[in-house]
1. Ordered by packing density, taken as the mean number of other Cβ atoms within 10 Å over each peptide's residues, highest first, how do 55-67, 78-90 rank?
2. Can you give the translational diffusion coefficient of the stretch 30-105 in µm²/s, computed by Stokes-Einstein from the Kirkwood radius over Cα pairs at 20 °C and 1.002 mPa s?
3. Mean separation of Cα pairs under 8 Å and 6+ residues apart, divided by the residue count of the stretch 26-106: what relative contact order is that in percent?
4. Going by how many other Cβ atoms sit within 10 Å of their own, how do 39, 93, 75 line up, fewest first?
5. Can you tell me, using C-alpha contacts under 8 Å and at least 6 residues apart, the relative contact order of the stretch 63-108 as a whole percent?
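Read-outs: derived from the displayed coordinates by stated rules, not from any lab. The structure displayed is predicted, hence computed values, not measured ones. Because the Cβ atoms are built from the backbone with ideal geometry, glycine has one as well, and the counts that use them run over all protein chains shown.
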């Protein structure tokens, strides 16, 4: 009787493919933003301004909203004016929650 229960649970685990794929691939829900580097005066940190264009709810005019993102730059390769792509990450300091993914365009 106990052997039949063990065999049935093993068979149900083998038939369920989601238990194996959950550990292999999981969706990445971290935000990705693009922006311009405005400051590199801190050590291993850069300030990136991300501009979002949204419609005003009442007046339907397109409004630009700027957000300052503090980005971790391990190799200090950024310069003011670079266009970069950044990704959300765990808190690295009091205000730094973004990391550098790639440099899209160098400053001229």
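1. Values: 55-67: 8.8, 78-90: 16.0.
My ranking of the peptides, most packed first, is 78-90, 55-67.
2. On the way: Rh = 12.9 Å.
Taking Rh from Cα pairs, D becomes 166 µm²/s.
3. 30
4. Values: 39 14, 93 11, 75 7.
Fewest-to-most Cβ neighbours within 10 Å comes out as 75, 93, 39.
5. 43
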